[in-house]
Amino acid sequence: MTYSVRVAITTPLHPDLRPLITDVDPRIEVLVDNDLLPPQRFPGDHDGDPSFRRTEQQQAAFDALLAEAEIFYGIPDTRPAALGPAVRANPNLRWVQTMAAGGGAQVKAAGLTENELARVVFTTSAGVHGGTLAEFAVFGVLAGAKDLPRLQSLQRAREWPGRWAMKQVSEQTVLIVGLGGIGSETARLLKGLGATVLGVKRTAEPVEHVDEVHTDDALPELIARADAVVITLPGTDATTGLIDSDLLAAAKPGIVVVNVGRGTVVDEHALVQALRSGTVSSAYLDVFATEPLPDDSPLWEMPNVLVSPHTAALSPAEDRRIAELFADNLRRYLSGETLRNVVDTHDFY
């Protein structure tokens, strides 16, 4: 009897993309019931329609499907609260692919035991979103250099002022905090514009397109030299509040802040104060400590802030790219090779 590897599709994936998984190997058996998954509203919509609800019988069928799988394609319903029970109900589960590049935070939030974390490998979609997020990061750097908030204000007021000199990115120094896939791609694009690129990572090995690589101990000195700072870090205990009032006080006056990592990395109160004082000239933010951004956040109404609703990572090709990444990892899994993007279950990144 041929051994089959059962993969449960636990988050919306268009039927046209499912052959990317089944074509990997004849042993692959995909477990999926379209009626048990919410419809997608747009490409990359892994949550699906929020109005979708399963009946009691449908939920029982979905749970039974999860209990049969060796591998999950996605965290069930993308909810960490659903991951723990699904892992405990299935002693044969060995691998979960998350849809998020920062899926480690979701795994942490699931509250799994040490034994459960040891039994199941978790991988993320890191790398899939690098291009789109890097473009947003460069957009923020460019918008800051070209005085986008001032231009928008003048247009709203129908004012035609005297001309002024804008900055050139080719003459600027940009600090990238986090040189993983997103940060490295941001560095490549910025070097193409002629910027001087400084970078911070856990270890200070050279990175292509980065002029200087340092550890985070050097952040105060580096931010004092930078015209713009791009944050690409994941949300972990070690990164929470890293960009705080002390660090912003050390920044070069008028620095531009761009965040495409996780909102928890930035102390938002400190950022608001720095924006009000002019220490930070403008900020371009795709992520926030609390999402959706609360109605009472001052960031909504600040003229020198652009609020993006955590959408910069999405592209029409996202679903296909994640499925392709998963297919490559599935080949590795079947061959006993090390998987790509394995979550560190100590620091959860």
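The values are calculated or read from the model by the stated rules, or taken from the named source; none is laboratory data. Remember, it's a predicted structure, so these values are computed and weren't measured experimentally. Neighbour counts are summed over all protein chains in view; Cβ atoms, including those assigned to glycine, are modelled from backbone coordinates with ideal geometry.
Quick notes
- Inside the range 168-180, residues that are in contact (Cβ under 8 Å) with a residue 40 or more places away in the chain, surrounded by fewer than 24 Cβ atoms within 10 Å (Cβ to Cβ) and not in a loop (DSSP other than H, G, I, E, B) make up a count of 1.
- Selection status of Ala100, over 22 Å from the mean Cα position of the chain (by Cα) and either outside any helix (DSSP H, G or I) or not polar (S, T, N, Q) (or both): no
- Per this entry, Pro15 is counted among residues that are on the phi < 0 side of the Ramachandran plot and surrounded by fewer than 13 Cβ atoms within 10 Å (Cβ to Cβ).
- Among residues of the range 93-109 that are assigned by TED's automatic domain parsing to the domain that holds Leu83 and farther than 19 Å from Ala323 by Cβ, those with a Cβ under 9 angstrom from a residue that is among the small types (Gly, Ala, Ser) and assigned to a helix (DSSP H, G or I), sequence gap 6+ or separate chain, pair up as Leu93/Ala67; Leu93/Ala86; Ala109/Ala81.
- In the range 234-250, the residues that are modelled with pLDDT of 95 or more and surrounded by 24 or more Cβ atoms within 10 Å (Cβ to Cβ): Ile243
- Scanning the range 181-209 for residues that are touching a Lys or Arg at 6+ places or on another chain (Cβ under 8 Å) and either in a loop (DSSP other than H, G, I, E, B) or of a type in the set (Val, Ile, Thr) (or both) gives Val197, Val207, Glu208, His209.
- Scan of the range 251-267 for residues that are surrounded by 20 or more Cβ atoms within 10 Å (Cβ to Cβ) and either assigned to a strand (DSSP E or B) or within 22 Å of the chain's Cα centre (by Cα) (or both), ordered by number: Ile255, Val256, Val257, Val258, Asn259, Val260, Gly261, Arg262, Thr264, Val265, Val266, Asp267
- Residue identified as assigned by TED's automatic domain parsing to the domain that holds Ile28 and surrounded by fewer than 21 Cβ atoms within 10 Å (Cβ to Cβ) among Ala165, Ala82: Ala82
- Positions within the range 338-349 being surrounded by fewer than 19 Cβ atoms within 10 Å (Cβ to Cβ) and either more than 19 Å from the chain's Cα centre (by Cα) or in a loop (DSSP other than H, G, I, E, B) (or both), in sequence order: Thr338, Leu339, Arg340, Asp344, Thr345, His346, Asp347
- Checked against the criterion of being assigned to a loop (DSSP other than H, G, I, E, B) and within 21 Å of the chain's Cα centre (by Cα), the range 318-337 contains not a single residue that satisfies it.
- Sole residue being under 24 Å from Pro303 (Cβ atoms) and within 24 Å of the chain's Cα centre (by Cα), chosen from Ile182, Ile176, Ile243: Ile243
- Of the residues in the range 208-228, at least one is within 22 Å of Val307 (Cβ to Cβ) and either free of Cβ contacts under 8 Å to residues at least 12 places away in the same chain or surrounded by 23 or more Cβ atoms within 10 Å (Cβ to Cβ) (or both).
- Listed by position, the helices (runs of 4 or more DSSP H) contained in the range 14-92 that have at least 2 residues being within 27 Å of the chain's Cα centre (by Cα) are 19-22, 80-88.
- Scanning the range 128-146 for residues that are surrounded by fewer than 18 Cβ atoms within 10 Å (Cβ to Cβ) and either outside any helix (DSSP H, G or I) or free of Cβ contacts under 8 Å to residues at least 12 places away in the same chain (or both) yields one hit, Lys146.
- Some residue of the range 297-311 being of a type in the set (Val, Ile, Thr), surrounded by 16 or more Cβ atoms within 10 Å (Cβ to Cβ), modelled with pLDDT of 95 or more and in contact with a Gly (Cβ under 9 Å, 6 or more places away or on another chain): no
- Residue check, Ala204 closer than 20 Å to Leu242 by Cβ, at pLDDT below 95 and either touching a Leu at 6+ places or on another chain (Cβ under 7 Å) or of a type in the set (A, V, I, L, M, F, W, C) (or both): yes
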